[in-house]
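The values are calculated or read from the model by the stated rules, or taken from the named source; none is laboratory data. Quick caveat, the model's predicted, so the values are computed rather than measured. Positions of Cβ are backbone-derived with ideal geometry, glycine not excepted, and every protein chain shown enters the neighbour counts. Only protein heavy atoms, including side chains, enter the accessible area calculation; ligands, DNA and RNA are left aside. Shrake-Rupley method; radii C 1.70, N 1.55, O 1.52, S 1.80 Å.
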Amino acid sequence: MHWLQYQRGEASPRGVGFWGEVGHRVERSLRTLERQVANEQTRLEQFLSAIEASPNGVMLLDANDQIEWCNSVAADQFGLDPLRDRMQPVTNLVREPAFVSYLQAGAFEEAITFPGPGLRGTVSVLIRRYGESMKLVLSQDITERERSDSMRRSFVANVSHEIRTPLTVLSGFIETMASVQLTEAERLRVNELMAQQTRRMQLLVGDLLTLAQLEGSPRPPADRWVSVQQVLLQVRVAAEALSAGRHVIVCGETPGADEPSDSIAGSEHELHSAVSNLVSNAVRYTPAGGSVKVLWSIRGDGTGELDVRDTGFGIAAEHLLRLTERFYRVDGSRSRDTGGTGLGLSIVKHVVQRHGGELEIRSEPGSGSSFKLLFPASRVRGASRVSQLRDLAHADAGHR
Ligand code: ADP
């Protein structure tokens, strides 16, 4: 009896005969029971840590809606303390009216959403009954999903609007041509205007396809080297055509055609598209007589910098942060009149980010702008390195 009461952790008294056998059997069942309890405890802990690892919130309520347990995600989303708030009635702590009435109404077929008390966003909550009148509260932070849903909706609305305007103009002209006899001069004018609207839609669809491609394709290769000089040469030709002699255009200090050029690792097509968008903006938003400069340099830390500068209208500070949003324009009619789609800078930002870099914008109304593409050192190779590699390749070929 003394052993059972005070010394159960130790071996049972060694007796002989009947009492010895009893002691031995009692000890054996005690040990089995202890092992079972320890196993159950471990399983419970594993189970709770599995729920703890869930990316969603999980909270268990007892029959009186008191918090039995919650994981830390639920605690974050509801603004609770997982230890201190245990066994508190949940409605004392989560007072959001939508949640309280959902819990009290007891109709749990559908999830509800409301502003998460512990978040600066929206949480979706679904309740399930289990056991005897107990409830499982599952919660999910859907702030990001809501944001991207609303972005998608406004994107579709914007695209529809952008396409509807030229379509309305075109259909107006088509009706006019069908019902009114036009003079030759009028017919030519109408044709020209129709061609303008068609070009506008073509540019828009082209930019939309470019964006879709950028979003849907893997990151550009880190081992395909694109000559900066080649990109600048192509861009310069396009800029001169667009400017038609109205601006001074300076395109970096480009080395001669057969001299080695600095290079960037990535996609030539994408880089070309980014730089030509910037240069086209610089030309379009700079009045005649101004200048557009495209300068390439490698900074001391190896970062590659491609700066497109103009002396044009400039941009007020309050617009700078929003410029790369799709369809954001400072001056809508100036953009459209010069063939803008409102998508150019979002394409530029996408391209530079896919190359591991960033877009830096500086501008002052009235004195011009500077749009810099910054490429990380890992994707930039100076001309001296290129010529070193070329010499090595020559030497290697000679050797063979
Ligand atoms: P858009 O097709 O309208 O030019 P972008 O995305 O290329 O679209 O540019 C967004 C807006 O930023 C433009 O509508 C214009 O108002 C402004 N912007 C872009 N580049 C310049 C620049 N070099 N100078 C002044 N404003 C610019």
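Some points to look at:
- 0 to 90° range, to nearest 10: angle between helix 383-399 axis and the chain longest Cα axis: 90
- Leu193-Asn56 FRET efficiency (beta carbon distance; Förster radius 51 Å; 0.05 resolution): 0.35
- Separation of alpha-carbon centers, region 50-111 and region 113-131, rounded to whole Å: 8
- The residues of the chain have, on average, 60 Å² of accessible surface per residue, using a 1.4 Å probe with all protein chains present.
- Candidates Gly57, Gly289, Gly131, ranked by Gaussian network fluctuation over the chain, Cα under 10 Å, top entry: Gly131
- Total formal charge among the other residues, if their Cβ is under 14 angstrom from that of Gln181, Lys/Arg +1 and Asp/Glu -1: -2
- Fraction of accessible area attributable to carbon and sulfur, the chain (%, probe 1.4 Å): 54
- Candidate residues Met59, Met151, Met194, Met87: accessible-area rank, largest first, probe 1.4 Å: Met151, Met87, Met194, Met59
- Classification of region 244-357 by its C-alpha gyration tensor yields an oblate form. The axis ratio a/c (a ≥ b ≥ c) is 1.5 or more, and b/c is at least a/b.
- Rounded accessible area of Val248 (nearest 10 Å², 1.4 Å probe): 80
- Label-to-label distance, nm, for residues given as Gln41 and Val100 (7 Å Cα→Cβ offset): 4.1
- Taking 0.36 nm per residue of separation and subtracting the Cα-Cα distance, full extension of the segment from Ala244 to Gln230 would add 2.9 nm.
- Estimated FRET transfer efficiency (Gln5, Leu136; beta-carbon r; R0 45 Å; 0.05): 0.60
- The angle between the Cα long axis of helix 184-216 and the main principal axis of the chain comes to about 30°, on a 0 to 90 degree scale.
- Stretching the chain fully between Arg86 and Leu209 yields a gain of 38.9 nm (0.36 nm per residue, less the alpha carbon separation).
- Note on the chain: GNM, Cα springs under 10 Å; of Gly206, Gly17, Gly302, the largest mean-square fluctuation is that of Gly17.
- Solvent exposure of Ser72, expressed as accessible area, is near 50 Å², computed with a probe of 1.4 Å over the protein chains only.
- Between the Cα long axis of helix 228-243 and the first principal axis of the chain there is an angle of about 60°, rounded to the nearest 10.
- A full extension of the chain between Phe155 and Thr183 corresponds to an added length of 6.0 nm, given 0.36 nm per residue minus the alpha carbon distance.
- Whether region 283-339 is rounded, prolate or oblate, judged on the alpha carbon gyration tensor where a/c under 1.5 counts as rounded: oblate
- Three-way shape call for region 65-124 based on the alpha-carbon gyration tensor, with the a/c threshold at 1.5: oblate
- Top of Gln36, Gln46, Gln353 by mean-square fluctuation, Gaussian network on the chain, Cα under 10 Å: Gln36
- Put a plus charge on the Cβ of each Lys and Arg, a minus charge on the Cβ of each Asp and Glu, and nothing anywhere else: the dipole of the chain about its Cα centre is then about 240 debye.
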